[in-house]
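Below is one structure, written out as structure tokens; the observations come after it.
Every read-out reported here was derived from the displayed coordinates using simple, explicitly stated rules and does not represent laboratory data. Being a predicted model, the structure only gives us computed values, none of them experimental. Cβ sites come from the backbone with ideal geometry, for glycine too, and all protein chains shown count toward neighbours.
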Amino acid sequence: MAASDKKPMGANYWKAVAGYVPQELRVEVRETLACPDDDAPLDFHKREDSFSCPACGRVFKERDGILSALPSNDRYQLTEEQRRELGAERAEEDSFIANPEEHFGALWEKVLEQLGDLDGKLVVDLACGTGWSLPIFAQRGAIVMGVDAVTGKGGLADALKLREETGCEFDLFEVDAARLPFLTESIDVVFISRTLHTMKKPERTMIEVGRILKPDGLVVVIGEPIGGTGTAMVSMDPRKSGGQLTQRHYELIFREGGLRIETVFENIAQDAPGVLGRLKKSLRQVPPTEPRLFVGRPIRQRRLPEIRLPWQRRYPDE
């Protein structure tokens with residue numbers, strides 16, 4: 001065969017030579033996917049190992065073990081620069097939490113207790129970062145999806161390494177937290193760790209969480225620093241003056257997503273036993289940075305009128 005007759009050896013050829021095999025998403029995961037632009041269920045094309053939207057025609061493909069499912073246009077989407085900064089911040093930290101019990105204390109035991117039996121359940125770790133929780137949930141029988149906006153170090157690249165090292169099965173997606181690529185009422189559990197308080201618009205994320213959760217679904221939020229007491233005023237965004245969101249702020253953020261905070265766990269009762277501990281707990285006088293665990297569920301009755309926090313702007317689709 002003449003040199004001119006040889007077929008070009010593209011990226012797929014070199015991936016095959018290197019032993020790389022694209023991970024085909026499980027059927028249960030494929031059936032939950034929706035276009036982040038118009039929420040239409042995605043069509044799967046096995047031959048091309050890709051997804052397409054029947055409404056807008058967009059095609060979504062896996063890239064080095066990560067399926068990119070970003071919206072084409074969203075005002076709350078992180079810029080490339082913001083993603084790099086976020087990844088660098090995570091990389092500077094001890095990004096892999098080898099022992100959640102040591103990091104979160106007694107709250108981690110409460111997380112597992114609240115999650116209960118995960119066998120066969122669809123679990124989304126929102127803003128999963130390095131993916132430290134994904135093998136834990138996968139080993140408990142869950143069908144796990146890790147989603148994040150950062151694809152490099154401090155984000156999905158580290159989660160991909162963790163998948164290879166542990167041999168656990170979980171799927172990874174590059175997403176925008178304000179426009180998640182999942183069908184309405186398709187997910188059993190959403191797990192969020194140390195993330196909401198870092199977002200400029202956490203209520204937008206909770207609206208999406210409320211949308212994708214099944215009516216009997218569960219959202220678990222851990223590692224949120226609380227400012228002041230649970231009865232603090234909500235007339236302004238405390239983060240602008242260097243403060244933290246109060247528990248009341250979180251209640252309103254959950255409520256805007258059609259969710260209610262069902263249970264709140266905190267470490268203060270264990271740290272301060274006896275009469276003083278009970279008194280502090282009853283008065284909700286906890287340190288400003290005391291992390292808590294929120295467990296929420298969808299509001300079962302019809303959606304209540306929208307409650308907007310005082311500093312919120314209107315959404316682009318309104």
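Could you run the Karplus curve 6.51 cos²θ - 1.76 cosθ + 1.60 with θ = phi - 60° over the stretch 156-165 and give me ³J(HN,Hα) per residue in whole Hz, x for Gly and Pro?
5, 4, 5, 5, 5, 4, 5, 5, 5, 6
Under the rule of at least 5 residues apart or a separate chain, name every residue whose amide H is placed under 5 Å from the amide H of Val150.
So Val150 has HN proximity to Leu156.
Distance from the Cα centre of the stretch 161-180 to that of the stretch 33-74, in angstrom?
If you average the Cα positions of each part, the centres end up 16 Å apart.
For the stretch 191-205, take each phi angle, set θ = phi - 60°, evaluate the Karplus expression 6.51 cos²θ - 1.76 cosθ + 1.60, and give the result in whole Hz per residue in order, putting x for glycine and proline.
Ordered by residue, 3J(HN,Hα) equals 10, 10, 10, 6, 10, 4, 5, 8, 8, 5, 10, x, 5, 5, 5 Hz.
Amide H to amide H under 5 Å from Gln244: which residues, 5+ apart in sequence or cross-chain, H placed 1.01 Å off N in plane?
Gly227
Spelling out what I want: for every residue of the stretch 99-108, take phi, set θ = phi - 60°, compute 6.51 cos²θ - 1.76 cosθ + 1.60 (Karplus), and round to whole Hz; glycine and proline get x.
In residue order, the calculated couplings are 9, x, 4, 6, 6, 9, x, 5, 5, 5 Hz.
Quick one: which residues, 5+ away or cross-chain, put their amide H under 5 Å from the amide H of Leu218? H built at 1.01 Å from N.
Those qualifying (amide H under 5 Å, at least 5 residues apart or on another chain) are Val189, Val190.
Using Cβ contacts closer than 10 Å as the measure, can you line up Glu24, Glu256 from fewest to most?
Least to most surrounded, the residues fall as Glu24, Glu256.
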